[in-house]
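As structure tokens, the structure follows; a few thoughts come after it.
The values are calculated or read from the model by the stated rules, or taken from the named source; none is laboratory data. For clarity, every value in this text was computed on a predicted model and none was experimentally measured. Here the Cβ positions follow ideal geometry from the backbone for every residue, glycine too, while neighbour counts run over all protein chains shown. Surface areas here come from the heavy atoms of the whole protein model, side chains and all, with no ligands, DNA or RNA. Shrake-Rupley method; radii C 1.70, N 1.55, O 1.52, S 1.80 Å.
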Amino acid sequence: MSNAIVIAVDGPGGAGKGELTRKIATALDFELLDSGAIYRVLAYAVRKAGLALFDESSVLQEAKLLDLHFDNTPNGVRVLLGEEDVTSAIRTEEAGVNASKVAAISSVRLALLQRQRSFLREPGLVADGRDMGTVVFPKAQVKIFLDAAASVRAQRRVLQLQSSGKSADYEAILKEIEERDERDRNREVAPLKPADDAVVIDSSNLSIEEVFNTAAQIIKERTGLECKL
Ligand code: DC
């Protein structure tokens, strides 16, 4: 039996889970699972093979064969599909929408379950996703549901794109965020929702430091561990 601790952080896209989970993993020296990246890479592989995102048997086949690796480098995590570095290609708005489409197929989710659980190792794992606390790690010692209003998430995304020199259309981004939320929340299998024993943090009016401090407090209460950066 593993004594590894699991900290599950779920919530909609753009609520700040990525930054929060990276900080917690660094503070505790825990492994990090970015489950969204797995769905993003799968959708990328499906498109690259010229297959349709809604064709269940093709997507399932790709999911079973997915040659995906996360490579930790001093400059961050590189995501590899076979030999191809897909780190930036999977971060576009379109890649997120495509990921949400393949993620709605229940057989595909089942095929990726073991791969996600295999990230667990001592002393612990921080898992970022939509169903970490409800399906993938239902016994996680800490479950956080990080939420934020869609308008705030869209605004943050606009600023993020602008700061990297890209143009951004607020209305178009808001629409995409709302459509993706709708699909993730209403799918039949593993819909996006807080686990019964999750603590909800609404980050709409909080800075990343405030979110981190709130999460650190919850982690301390549930596990006794101190998150020190
Ligand atoms: O967290 P993200 O934006 O990288 O996730 C992209 C999509 O993948 C998201 O819209 C829904 C899907 N996803 C999921 O269904 N389950 C997860 N655990 C993580 C992501």
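Checking Ala45, Ala95, Ala8 one by one, the residue that is within 16 Å of the ligand (Cβ to nearest atom), open to solvent by less than 30 Å² (accessible area, probe 1.4 Å), touching a helix residue (DSSP H, G or I) at 6+ places or on another chain (Cβ under 6 Å) and not in a helix (DSSP H, G or I) is Ala8 and no other. How many residues are surrounded by 21 or more Cβ atoms within 10 Å (Cβ to Cβ) and either of a type outside the set (Lys, Arg) or more than 16 Å from the ligand (Cβ to nearest atom) (or both) if we restrict to region 13-22? Number of matching residues: 6. Within the bounds of region 175-195, is there any residue that is assigned to a loop (DSSP other than H, G, I, E, B), of a type in the set (A, V, I, L, M, F, W, C) and in contact with a strand residue (DSSP E or B) (Cβ under 6 Å, 6 or more places away or on another chain)? Checked region 175-195: at least one residue is assigned to a loop (DSSP other than H, G, I, E, B), of a type in the set (A, V, I, L, M, F, W, C) and in contact with a strand residue (DSSP E or B) (Cβ under 6 Å, 6 or more places away or on another chain).
Among the residues of region 137-147, is any part of a helix (DSSP H, G or I), touching a helix residue (DSSP H, G or I) at 6+ places or on another chain (Cβ under 9 Å), within 13 Å of the ligand (Cβ to nearest atom) and open to solvent by less than 10 Å² (accessible area, probe 1.4 Å)? Checking region 137-147: not a single residue is part of a helix (DSSP H, G or I), touching a helix residue (DSSP H, G or I) at 6+ places or on another chain (Cβ under 9 Å), within 13 Å of the ligand (Cβ to nearest atom) and open to solvent by less than 10 Å² (accessible area, probe 1.4 Å).
Among the aliphatic types (A, V, I, L, M) and either closer than 25 Å to Glu210 by Cα or away from the ligand (no atom under 14 Å from the Cβ) (or both) - does that describe any residue in region 175-186? Within region 175-186, one or more residues are among the aliphatic types (A, V, I, L, M) and either closer than 25 Å to Glu210 by Cα or away from the ligand (no atom under 14 Å from the Cβ) (or both).
One residue alone among Ala25, Ala37 is within 21 Å of Glu84 (Cβ to Cβ) and open to solvent by less than 60 Å² (accessible area, probe 1.4 Å), and that residue is Ala37. Among the residues of region 25-42, the ones that are closer than 17 Å to Phe70 by Cβ, away from the ligand (no atom under 14 Å from the Cβ) and of a type outside the set (Gly, Ala, Ser) come to 4 in all. Among the residues of region 201-229, those that are open to solvent by less than 90 Å² (accessible area, probe 1.4 Å), farther than 18 Å from Lys17 by Cβ and assigned to a loop (DSSP other than H, G, I, E, B) comprise Gly224, Leu225. In region 157-182, the qualifying residues are those that are open to solvent by less than 70 Å² (accessible area, probe 1.4 Å) and of a type in the set (Lys, Arg), and the one that is farthest from Ala8 (Cα to Cα) is Arg157. Taking every residue in region 205-229 that is at pLDDT 95 or above and pairing it with any residue that is crowded, with 16+ Cβ neighbours inside 10 Å and of a type in the set (Lys, Arg), at least 6 positions away or on another chain, the pairs with Cβ-Cβ distances below 6 Å are Phe212/Lys23.
Cβ separations smaller than 8 Å between residues 6+ apart or across chains give the following pairs from region 156-167 residues that are closer than 17 Å to Gly16 by Cα to residues that are open to solvent by 100 Å² or more (accessible area, probe 1.4 Å) and in a loop (DSSP other than H, G, I, E, B): Leu161/Ser167.
Contact map, region 107-119: first residue open to solvent by 40 Å² or more (accessible area, probe 1.4 Å), second residue among the hydrophobic types (A, V, I, L, M, F, W, C) and at pLDDT below 95, Cβ cut-off under 9 Å, separation 6 or more or different chains; pairs are Leu110/Val189. For Asp202, the stated conditions do not hold, so it cannot be described as at pLDDT 95 or above, in contact with a Lys or Arg (Cβ under 9 Å, 6 or more places away or on another chain) and acidic (Asp, Glu). Could you list, in sequence order, the residues of region 53-90 that are open to solvent by 50 Å² or more (accessible area, probe 1.4 Å), within 12 Å of Ala37 (Cβ to Cβ) and touching a helix residue (DSSP H, G or I) at 6+ places or on another chain (Cβ under 8 Å)? Once the filter is applied, which keeps residues that are open to solvent by 50 Å² or more (accessible area, probe 1.4 Å), within 12 Å of Ala37 (Cβ to Cβ) and touching a helix residue (DSSP H, G or I) at 6+ places or on another chain (Cβ under 8 Å), region 53-90 yields only Phe70.
With open to solvent by less than 40 Å² (accessible area, probe 1.4 Å), farther than 24 Å from Thr92 by Cβ and more than 13 Å from the ligand (Cβ to nearest atom) as the only criterion, which of Ala154, Ala198 stands out?
Exactly one of Ala154, Ala198 is open to solvent by less than 40 Å² (accessible area, probe 1.4 Å), farther than 24 Å from Thr92 by Cβ and more than 13 Å from the ligand (Cβ to nearest atom), namely Ala198.
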